[in-house]
Amino acid sequence: MKSIFGFLFLSMLSINVFGFSNQIDNDTLKVKTAEQAFYDTSIVFTEDWIINQTFSYSNKKYDVNKGLALVDSIHSYAFPIEKKTSSPFGRRHSSFHKGIDIPLKKGEGIVAAFDGKVRYAKYNSGGFGNLVIIRHINGLETYYAHLSKIKVKPNQIVKAGETIGLGGSTGRSYAPHLHFEVRYRDKALNPEKIFDTEAYCLRNDETLVGELMLSSKPSRHHHVDEEFLAKGTVYSIKSGDTLSKIAARSGTTVSELCTLNGLSRSSILQIGQRIRVN
Ligand SMILES: [Zn+2]
């Protein structure tokens, strides 16, 4: 009995292997080849395509009224990790935060937001840590920073929802989180104009480049230097604080606070701004 079933099973298997499944494989292969050809030849993926640097665009003028399809009948989306955003895009004390921060546990999977092609996938010493940049069909790029592990390679085609790395705290980061950016021709856009970061869905299926741009000018100040802050005791400015009050409470002087933090006596302190008191 056993051998008869074994024979039948093997016969069915061989029909599948040499019959129907072969047809399916050919069709899949055709789709894959067409897709590969598109990614290989489309101007979006050939012009200003540099795999070993973060910002890769030339200073060409572009149309802010250009429409961007975010999804269509065959291209989907996914939120990189469905967890609560802790820090929004925009002005942050004396710096400008060019993405959103999503706290997570080290090792949690991060997925591609849209279909696209990996342009950059390596450690970045500028603060991003392990960084993956994916360029999408509409020309947008998404940045996934501070990863503990990178799971893709440059020039690899990825689908929305595909795991591209694991969350971590590499680079300028003090707790595991994803720093997620959306850029158009290197210009950082507000990801929360694209995604509803509470429902983890798209706000619109299509948008305009100009719609995504922030109206206020980016700060000319430097990014908050987390490494500098980590070397001493940090104080977070509260309402009503002055440098002399902080100095008195911390057993230091105004001039020492100024020298340490690169401030002047007349510097305007912002609530939430962090300074070192020693
Ligand atoms: Zn961030």
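Values in this text are rule-based calculations from the coordinates and carry no lab data. Since the structure is predicted, the reported quantities are computational estimates derived from the model, not experimental observations. With ideal geometry, Cβ positions are generated from the backbone for all residues, glycine too; neighbour counts draw on all protein chains shown.
Below are the figures for this structure:
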item: Taking H93, H179 and counting other C-beta atoms within 10 Å, the order from fewest to most; result: H93, H179
item: Rounded to 10°, Cα long-axis angle of helix 20-41 versus longest principal axis of the chain; result: 40 degrees
item: Gaussian network model of the chain, Cα within-10 Å springs - most flexible of K60, K153, K231; result: K60
item: Gaussian network model of the chain, springs between alpha carbon atoms under 10 Å - residue of K83, K106, K245 with greatest fluctuation; result: K245
item: q = 0.08, 0.13, 0.15 Å⁻¹, the chain: log10 I(q)/I(0) [Debye, one scatterer per Cα]; result: -0.46, -0.94, -1.13
item: Rounded D (µm²/s) - the range 223-264, Kirkwood Rh over Cα pairs, Stokes-Einstein at 4 °C, 1.567 mPa s; result: 117 µm²/s
item: Long pairs among K66/K159; K61/K117; K66/K117; K66/K193, criterion Cα-Cα beyond 19 Å; result: K66/K159; K61/K117; K66/K117
item: Fully extended contour minus Cα-Cα distance, from L29 to T163, at 0.36 nm per residue; result: 46.0 nm
item: Cα-projected label distance for R249 with S58, points at 7 Å along beta-carbon direction, nm; result: 5.5 nm
item: Relative contact order %, the chain, counting alpha carbon pairs below 8 Å whose residues are six or more apart; result: 18 percent
item: Sites S239 and N278 - FRET efficiency at Förster radius 25 Å, r taken between beta-carbons, to 0.05; result: 0.65
item: Whole-number percent relative contact order across the range 67-212, with pairs defined as alpha carbons under 8 Å at least 6 apart; result: 29 percent
item: Taking the range 97-143 and dividing mean pair separation by its residue count, relative contact order in percent (alpha carbons under 8 Å, at least six apart); result: 28 percent
item: Angle between the chain longest axis and helix 2-18 axis [Cα atoms, degrees, rounded to 10]; result: 70 degrees
